[in-house]
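Q: My questions all concern the structure below.
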Amino acid sequence: MILFSFAGNMDVDKFATIVPSAKKIGIAKLPGYNFIFNRTDDDQSSKANILHSDDPNDAVWGVLIKLDDKEWPNFYDTGTYSIDFKLETVNCIDANDKIYTARAFVAEPHAVNTHLLPYDWYHKKVIRLAKNAVLPEDYINKICLMPFKVDPDDDRRQEELRKIK
């Protein structure tokens, strides 16, 4: 199986600690989608999500990860994820215009909000992972301009900021 990973799941080394077969294929764009922070998290902030767009020029950039189907349950715990996410089959295009059929996590409608912002440390983490993945600079700049808020839990904030490489 191939997973189109965006935001926090782009760290293939970390992903491989859970799914040992995980291998980075490369970066790709997912046309006809937008990147947004609108998935409600338990900590009262928003996390990353992708949304269908009517504009074919819109695209989300991310990392294609190949993994063994037998290891999928290591990552995708249906008891946890199926409540807030669905897996969509999507077509992604790599830098050489090769098309890949992949799966992507998309938040279910009940898990989407219009009023919460991501925390500063999460916003910074997504930007760092996008830079590490060598996503296009203009795409990273768009994420940099997205609004965020400072996490009011300073202990959690400091802990999360320490983890960002």
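Q: Answer yes or no as to whether Glu88 is part of a helix (DSSP H, G or I) and either surrounded by 14 or more Cβ atoms within 10 Å (Cβ to Cβ) or modelled with pLDDT of 95 or more (or both).
A: no
Q: Find all pairs meeting these conditions: Cβ atoms under 6 angstrom apart; at least six residues apart or on different chains; first residue within segment 42-70 and in contact (Cβ under 8 Å) with a residue 12 or more places away in the chain and farther than 21 Å from Leu129 by Cβ; second residue part of a loop (DSSP other than H, G, I, E, B) and not acidic (Asp, Glu).
A: Listed by first residue and then by second, the contacts come to Ser53/Gly32; Pro56/Gly32; Asp68/Ser21; Asp69/Met1.
Q: Every residue in segment 1-21 that is among the small types (Gly, Ala, Ser), surrounded by fewer than 22 Cβ atoms within 10 Å (Cβ to Cβ) and at pLDDT 90 or above, please.
A: Ser21
Q: Of everything in segment 4-30, what is within 19 Å of Tyr139 (Cα to Cα), outside any strand (DSSP E or B) and of a type outside the set (Phe, Trp, Tyr)? Give them in sequence order.
A: Ala7, Gly8, Asn9, Met10, Asp11
Q: Any chance you could count how many residues in segment 111-141 are touching a residue at least 24 places away in the same chain (Cβ under 8 Å) and in a helix (DSSP H, G or I)?
A: 13
Q: From the list Lys149, Lys125, which residue is of a type in the set (D, E, K, R) and more than 14 Å from the chain's Cα centre (by Cα)?
A: Lys149
Q: Further, regarding this structure: Inside segment 111-128, can you point out the residues that are touching a helix residue (DSSP H, G or I) at 6+ places or on another chain (Cβ under 8 Å) and more than 13 Å from Gly8 (Cβ to Cβ)?
A: Those that are touching a helix residue (DSSP H, G or I) at 6+ places or on another chain (Cβ under 8 Å) and more than 13 Å from Gly8 (Cβ to Cβ): Ala111, Asp120.
Q: Hey, another quick one. Considering only residues of segment 31-77 that are assigned to a helix (DSSP H, G or I) and surrounded by 14 or more Cβ atoms within 10 Å (Cβ to Cβ), which is farthest from the chain's Cα centre (by Cα)?
A: Checking each candidate, the answer is Glu71.
Q: Got at least one residue in segment 136-158 being at pLDDT 95 or above, under 13 Å from Ala48 (Cβ atoms) and of a type in the set (Val, Ile, Thr)?
A: There is at least one residue in segment 136-158 that is at pLDDT 95 or above, under 13 Å from Ala48 (Cβ atoms) and of a type in the set (Val, Ile, Thr).
The values are calculated or read from the model by the stated rules, or taken from the named source; none is laboratory data. Computed from a predicted structure; not experimentally measured. For neighbour counting, all protein chains shown are included, and Cβ atoms are generated from backbone atoms with ideal geometry for every residue, glycine included.
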